[in-house]
1. Determine, from the Cβ-Cβ distance of LEU610 and PHE391 and an R0 of 60 Å, the FRET efficiency 1/(1 + (r/R0)^6), rounded to the nearest 0.05.
2. Any chance you could list the semi-axes, whole Å, largest first, of the equivalent ellipsoid that the Cα gyration tensor gives for the stretch 208-270, using √(5λ)?
3. Considering all projection directions equally, how large on average is the shadow of the alpha-carbon convex hull of the stretch 4-190, in square nanometres?
4. What is the Cα convex hull volume of the chain when expressed per residue in Å³?
5. Would you please give the residues with an amide H less than 5 Å from that of SER422, counting only those at least 5 places away or on a separate chain, with H modeled from the backbone geometry?
6. What whole number of Å gives the distance from the Cα centroid of the stretch 404-427 to the Cα centroid of the stretch 442-501?
7. State which entries of LYS25/LYS60; LYS299/LYS396; LYS238/LYS438; LYS582/LYS645; LYS591/LYS699; LYS396/LYS438 exceed 24 angstrom in Cα-Cα distance in the structure shown.
8. Treat each spin label as a single point 7 Å out from the Cα along the C-beta direction, and report the ALA84 to ASP631 distance in nm.
Amino acid sequence: MVRFDDILEKVSSYISEKEIAALRKAYVFAGQAHKGQVRRSGEPYLSHLLEVTNDLADMKLDRTTLVAALLHDVLEDTDTTAAAIREGFGREVAGLVEGVTKISRVQEVSPEVRRAETIRKIILAMTDDIRVVFIKLADRIHNLKTLRFLDEEKQRQIARETLDIYAPIANRLGMGRIRAELEDLSFRYVAPEEYAKIAAVVEPERKAAEADLASMKKALADLLAENGLPAEIFARMKRPYSVWSKMKRRDIAFDQVFDFLALRVITDTVKDCYAILGIIHQRWPHLPQRFRDFVAMPKPNLYQALHTTVITEGRKMFEIQIRTRGMHDLAENGIAAHWRYKDDAAAGPRKEDRRLHWLREMAALFEENKNPQEFLRSLKTNLIPEEVYVFTPKGKVVNLPPGATALDFAFKIHTEIGLHASGARINGTSAPLKTALKTGDIVEVLTAPDRTPTRAMLAAAATSGARQHLKRWLNLRSRTTSAALGRKIWDREVRKYVLPPEYRREEAVARRLAAVVGPRAATMDEFYRQVGLGRIVVDPKLMEAVFGPVAPRRPSLLGKAAARLSPGQGLRIKDIDGQTIKLAKCCSPIKGEPVVGYITAGRGLTVHSLRCPLIAKELLDAQRQIEVVWDPAQDATFKARLMVKSRDVPGVLAKVATAVAGLEGDIAKAEASMIADGKAKIRLEVRIKDIRHLEAISKRIAGLKDVLSVERV
């Protein structure tokens, strides 16, 4: 058990006597608050607080963090109030303690919702003061060390949450030592069978590996000493979780884990790093594909080192990492390595720190996305280590997660570029936006001013940031389209009646609508949007409720003549790819054939063919039907289903396919089957331009030898 005096001895080298006095005060306060409390292990509760504080002292964190660590459970597990902490230790300490407490007090029934809410609280706390997470990570490490005292279900739950949330956060903050400890402590509880298998593979190798490492360490030390290069050398074997993770991720056997044996060289300067690398490569052959220069190109969490894998005379492989002392400190403790607060400094994340960019993005995502499950899915994408490094044509490095596409790259450069992206050039070759990128790719995004997002583009976006921008734009367009559609419907209906003089101004109509309809007509724009979405039906009942008894307007002679000369002046079908106007799946209408619009509650306008059984049998409410016409300028493809009946002879399907292709049709699906009396049927799904195109294809198929009939189904 860690003693308080051990902590004081550790921190006395970097904090003042006044700050040590504050620690003593917090220690006494915590001891009194938790008096008589013991943990499941049987140890006094105070032992947990000392372990957490000791871990933070190893990272040389400031007095405020250490005081908050000693007090971090008093709100959760004692009668102490936040006001008492503020009065005794100041607002800053109280804020940290409250931040940790809020995170731990998540009581959701659904595990997925609970985890989502937990991480939301972590992220919001981090945006206010990142030291909350330092305390929480140290708290989680000690809890994992005593996990054996809990029941199995609780063990798995805590360990799984650690691997899903806390370890990735530590990684994104560059806290390598913390991340490694979290992963290894959780591994045996999350996957006990896999843990046992890895142990069974590693343990027989351990003695031989230790001997190989000692021999290689001496050979490397002698080599560097001969060349006058200063260095400390440390040897290690790859951690169990890291071995298992790599084997699973790459689907490889243990003997293909080339970095199982590793040496870490710590030197004085960057110049020495490269000099040592050169000497090593002169002495032993290396694997070029395993060389990584994270000094010239740091990871997004600012990790820096040179990595190389060499093969010794005995055909043994060793990974060698070369760092300066500063790089080593940052690799071990990440953002905590240089996190210092002065008494007069404002708490909060440093805006210029690249490791916090993802944090601000996630905080923005939280503000926009209130659905816990969707947030959790986005979180997992954002917490994946950014490992793909691509370049702009001007040589700027852009970091993206594995699986990111050219469209993700476009949004990473600038939102407007992503919204108007029309294609990409990758390494000088044209490529679609959905193309997944690899490290080293040079990517140029092609844009067009008139190009705007479609829902299909969501499938080409792998990162939550790009998907969020697309959804925001599409939702805004949907709102605009809904409002425009609703206004047209309303104006058309209003023109059918003679309105009282007092309602000739929109302000008067708006007041009356708000009184009749309620919040859904709080503004005219909102009313129009609700009409466009079908949530408000504009029918004679509504007109009477708003305007009182109204008489239908009798069309003038000029109006009648205009109607005869200009038939089909209904709403034009333009946005068939959007949410507001869509084509009915029951009849799959095709451009050029007679259609009618139907307002569906919450879904907007659905376009049906007049041949649709729902229309023909009058199964749809006539009050919700409106006149629509095809927009001649609309350039799109449509899907049609055909049933072809023929004689059952070889080659019929090939002839049908040739006939469709000859008229520039595209067969999306074809199914052939036998029926009675030596006949066959072929079901086709064809993509065509309009109804005339379909009629031409049907006529061509019907004229083929052995074809008996062609019907649209």
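1. About 0.60, to the nearest 0.05.
2. They are 28, 13, 9 Å, listed largest first.
3. With every direction weighted equally, the projected area is 10.4 nm².
4. Output value, Cα hull per residue: 272 Å³.
5. So SER422 has HN proximity to LEU446, THR447, ALA448.
6. Taking the Cα centre of each part, the stretch 442-501 and the stretch 404-427 sit 20 Å apart.
7. Table pairs above 24 Å Cα-Cα are LYS238/LYS438; LYS582/LYS645.
8. 6.7 nm
Readers should treat all values here as calculations from the given coordinates under stated rules, not as data from a laboratory. Note that the structure is predicted; figures quoted are calculated from it, not measured. Because the Cβ atoms are built from the backbone with ideal geometry, glycine has one as well, and the counts that use them run over all protein chains shown.
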